[in-house]
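Report on the structure given below.
Please treat every number below as a calculation from the coordinates, not as lab data. In this text, all values refer to a predicted model and were calculated from it rather than measured experimentally. Virtual Cβ from ideal backbone geometry, glycine too; neighbours counted across all protein chains shown.
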Amino acid sequence: MRTPPLLLILMLAACPDTADDDNPGAKVGEFGVGVFRYRCTAPGDPLCLDGVSTAQDFPEALARGSQIDLEFSWQDDEDHRNEPLPELQSATSDRLRDDGARFTALEPGFVAVIAVTGNSQVVELVHFEIAEIDELRAVPSPVTDFPAPLAQLDLVTGEERALQGLVVDIHDVQLGGIIPYSWASEDPTVLEVVSGGSTGRVRVRAVISGATNLVLTQGERTLTLPVLVEPGDAFTTGDPTSDGSSDGSSGSSGSTTADTGTTDDTDSDTSGGSSGTSGGAL
């Protein structure tokens, strides 16, 4: 493959990408001939609604250590109807590693993904930033806009609540990418983890009145969310299907870390897109 000159990549990295007004989860490439989309391949991804194949929003930045899966389509299918889709590859492998079906964010900074044809021609490019995680948050699920983090969870007995874990950078920007989360109740007799304990999304149930903590873990970061359960009439809030998992981790006080490297990547691709397939880790 003929690698584009580094100067060209740096110049393009200074140019803003264009969002697709008809699809907020898509980003038009620098050359204006193709569209990049963020694929939803792991349960509990805060950028993805339950049951969708592509994200509702293209991330402003990626979390260091996270993984992403992108797909590509032509901007004008009529002009390229007989052309095969190009392959997606990393143009900045020191910061963004090409793992074949996915890309792994290694180091902070700006990175680029290029679309390359079979004859090694670069036909499109998209860039984004990799940022350090500054803060771990728990928010109501499903995520809408940019919700304020929860400081305490107040429930009544029998109530269920759906929550979402996410990370932000030092500028308070929500970071994209697939990263492992785990949830655990310090006292399952008061608060039960119903489902999603090993994903970014969880559903909990208040069992009896009392106080405990819900612990969210991401890598070496831990968030302890105080929980107060009071007697009352049982009711449920939150999307009953938003836990995104049925891992059976009910009432477990131990943490289980999600394995982002073994998620099934054979999800149905409803957009006919192309994801990177350039080989193993560098």
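Roughly how many nanometres apart are two label points built 7 Å out from the Cα toward the Cβ at Glu230 and His80?
Going by the 7 Å Cα→Cβ label model, 5.7 nm.
Distance in nm between label sites at Glu186 and Arg221, each 7 Å beyond Cα in the beta-carbon direction?
2.0 nm
Which whole number in µm²/s is D for region 18-131 by Stokes-Einstein, with the Kirkwood Rh taken over Cα pairs at 37 °C and 0.692 mPa s? Working shown, then result.
Values: Rh = 14.4 Å.
Estimated via Stokes-Einstein, D reaches 228 µm²/s.
What does the charge count around Asp134 come to, taking other residues whose C-beta lies under 13 Å from its C-beta (Lys +1, Arg +1, Asp -1, Glu -1)? Show your work: numbers first, answer last.
Numbers: positive: Arg64, Arg137, Arg221; negative: Glu132, Glu135, Asp169, Asp172.
Cβ neighbours under 13 Å give a net charge of -1.
Farthest toward the dipole's positive end in region 18-131, which of Gly34, Phe103, Phe128, given Cβ charges of +1 (Lys, Arg) and -1 (Asp, Glu) about the Cα centre?
So the residue we want is Phe103.
May I ask for the percentage of alpha-carbon pairs in region 68-221 that lie more than 21 Å from each other?
Details: 6825 of 11781 pairs.
Everything past 21 Å amounts to 58 percent.
When the chain is fully extended, how far beyond the present Cα-Cα distance does Glu135 get from Ala151, taking 0.36 nm per residue of separation?
Numbers: separation 16, 0.36 × 16 = 5.76 nm, distance 1.35 nm.
So the extension gain works out to 4.4 nm.
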